[in-house]
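Undergrad: The structure under discussion is supplied below as structure tokens; questions concerning it will follow.
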Amino acid sequence: MSLRVGVIGGGQLARMMIAPAVELGIDIRVLAEGEGMSAAIAASAVGDYRDADTVLAFARDVDVITFDHEHVPQPVLRALIEAGVAVHPGPDALQYAQDKLVMRSRLAELGIPQPDWAAVSDVAQLQGFLDDHNGRAVVKTPRGGYDGKGVRVISHAEEAADWFATLAEDARGGDLLVEELVSFRRELAQQIARTPSGEMLAYPVVETVQRDGVCAEVIAPAPHAAARLAEVAREIGEGIAEGLGVTGMLAVELFETDDDRVLVNELAMRPHNSGHWSQDGSITSQFEQHLRAVLDLPLGATATRQPWAVMVNILGGPAEGGLAQRMPAALAAHTGVKVHTYGKDPRPGRKVGHVTATGVDLDDVCYDARAVAAHFA
Ligand code: ADP
């Protein structure tokens, strides 16, 4: 009988697990939030992931439950564990990807380098942090943020007054996270795969380029990375994977600071945009690796196929005609560049696909990837 994986969430990450699942003979099933989601082709159920009964019913016939996103509430995750379902990553690990304040305090305990931070419960406390940090800081909502939503650079505490008001209305209450405004040279990401048995493999550290808080490009491996920098990033990633008991794929977003430190920004415990290059640039893609890891199968090699891989996101997409209409010209523009689409309606700023180029000369690889992506702009 095939191994059966249940993925909660029908977005593009679930969609991109489907092809490797088919190759490995894994029966993949998706609990989608609605009809017509990215991963609809594998959606065996449509329902609310916040409802324990829905999730328990979905989990009945699978060997392991994993995720397309980290929003499944802790009580639902605990109900799965109590029902004897294997859940990877498990709730104890996932809590650190669900709440940035919980993550910051645990990473502090583990001695992992991160920006100065504090939990603040009102405008006065936030102003105190600003006063201690040259009058500028980054304030974040601990839960539910993505693509820069829930992140604000501020110079007056009043600029976060609306968020304090929203938190006060939230039954769960709680504080905001404030961080020093890190002066960074660039952003990096380190991915680690870890199995329930404890096997662990690192991918090369990559450079990520953000525009308006959204990932625009990824270069793998990070250019001009000293061997020591790559080692430091890997050690941080492995320390977190082990320290938090992560199973499956872990992505650690990092800042390389102007004064040569490496600090953790945030975590994702699933395949991540910073690892999409691996579909075409690595022996084992992050999607295949995630399936192997959550099923406790041996991990696949993480070596690169070519010296460089560059991934460029397609954001928003063409206003008219959709991606399909642009596809022939895009594919003709460079036959070596790979196009991946998510089956989503184009909306401004929305990630609807990506392209990946690989090769020997980084300038050429960047040019090719951007040229093909431009066909979909
Ligand atoms: P999200 O959860 O929405 O992805 P992040 O915490 O990753 O939010 O922040 C989004 C972007 O904001 C980061 O990629 C980075 O460019 C910038 N940023 C976040 N925290 C800081 C910080 N402490 N200092 C400077 N820039 C930051």
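The values are calculated or read from the model by the stated rules, or taken from the named source; none is laboratory data. Values in this document were obtained by computation on a predicted structure and should not be read as measured data. Here Cβ is always computed from backbone atoms with ideal geometry, including for glycine, and neighbour counts include all displayed protein chains. Please note that ligands, DNA and RNA were not included when accessible areas were found on the heavy atoms of the full protein model with its side chains. Shrake-Rupley method; radii C 1.70, N 1.55, O 1.52, S 1.80 Å.
Undergrad: Can you give me the ranges of the helices (runs of 4 or more DSSP H) entirely in the stretch 74-176 with at least 1 residues that are at pLDDT 95 or above and within 14 Å of the ligand (Cβ to nearest atom)? Even if it seems obvious, please write down each step before you answer.
TA: Values: elements: 74-82, 91-98, 100-110, 123-132, 161-169.
Per the criteria, 91-98, 100-110, 123-132.
Undergrad: Next question. Quickly run through the stretch 192-227 and pick out the residues that are at pLDDT 95 or above and open to solvent by 30 Å² or more (accessible area, probe 1.4 Å).
TA: Residues satisfying the conditions are ARG194, PRO196, SER197, GLU199, MET200, LEU201, PRO204, GLU207, VAL209, PRO221.
Undergrad: Looking at (1) farther than 30 Å from VAL139 by Cα; (2) touching a helix residue (DSSP H, G or I) at 6+ places or on another chain (Cβ under 7 Å), which is the only condition GLN325 fails?
TA: Condition (2) is where GLN325 drops out.
Undergrad: A further question follows. Of these, ARG347, ARG305, which one is among the basic types (Lys, Arg), over 24 Å from ILE41 (Cα atoms) and surrounded by fewer than 16 Cβ atoms within 10 Å (Cβ to Cβ)?
TA: On the way: ARG347 fails: over 24 Å from ILE41 (Cα atoms).
Every option except ARG305 fails the conditions.
Undergrad: So, in the stretch 186-204, exactly how many residues are in contact with an Asp or Glu (Cβ under 8 Å, 6 or more places away or on another chain), closer than 26 Å to ASP363 by Cα and away from the ligand (no atom under 12 Å from the Cβ)?
TA: 1
Undergrad: Within the set of pairs 6+ apart or on separate chains, which have a first residue in the stretch 358-377 that is more than 19 Å from PRO328 (Cα to Cα), a second that is in a strand (DSSP E or B) and open to solvent by less than 40 Å² (accessible area, probe 1.4 Å), and C-beta atoms under 6 Å apart?
TA: The qualifying pairs are THR358/ALA309; VAL365/VAL310; VAL365/ALA357; VAL365/GLY359; CYS366/VAL310.
Undergrad: While we're on this one: Has the stretch 205-219 got any residue that is outside any loop (DSSP other than H, G, I, E, B) and more than 16 Å from the ligand (Cβ to nearest atom)? Spell out the reasoning first.
TA: Quick first cut of the stretch 205-219, residues outside any loop (DSSP other than H, G, I, E, B) only: 206-211, 214-219.
If we keep only those that are more than 16 Å from the ligand (Cβ to nearest atom) too, we end up with none.
So far as the stretch 205-219 goes, no, none of its residues is outside any loop (DSSP other than H, G, I, E, B) and more than 16 Å from the ligand (Cβ to nearest atom).
Undergrad: Output the qualifying pairs, or none if there are none: Cβ atoms under 8 angstrom, residues six or more apart or on different chains, first residue in the stretch 193-220 and at positive phi, second residue open to solvent by 40 Å² or more (accessible area, probe 1.4 Å) and within 13 Å of the ligand (Cβ to nearest atom).
TA: If the second residue must be open to solvent by 40 Å² or more (accessible area, probe 1.4 Å) and within 13 Å of the ligand (Cβ to nearest atom), the pairs left are ASP212/GLY349; GLY213/ASP147; GLY213/LYS149; GLY213/VAL151.
Undergrad: Of GLY300, GLY275, which residue is small (Gly, Ala, Ser), modelled with pLDDT of 95 or more and in contact with a Ser or Thr (Cβ under 6 Å, 6 or more places away or on another chain)?
TA: Values: GLY275 fails: in contact with a Ser or Thr (Cβ under 6 Å, 6 or more places away or on another chain).
Going through GLY300, GLY275 in turn, the sole match is GLY300.
Undergrad: Hey, another quick one. Cβ contacts < 6 Å: first residue open to solvent by less than 20 Å² (accessible area, probe 1.4 Å), restricted to the stretch 164-191; second residue away from the ligand (no atom under 11 Å from the Cβ) and part of a loop (DSSP other than H, G, I, E, B), any location; separation 6+ or different chain. Result?
TA: Cβ pairs passing all conditions: LEU188/VAL205; LEU188/ALA222; GLN190/VAL205; GLN191/TYR203.
Undergrad: Please pick out the residue among VAL87, VAL120 that is more than 24 Å from the chain's Cα centre (by Cα), more than 29 Å from VAL232 (Cα to Cα) and surrounded by 21 or more Cβ atoms within 10 Å (Cβ to Cβ).
TA: Residue meeting the stated conditions: VAL120.
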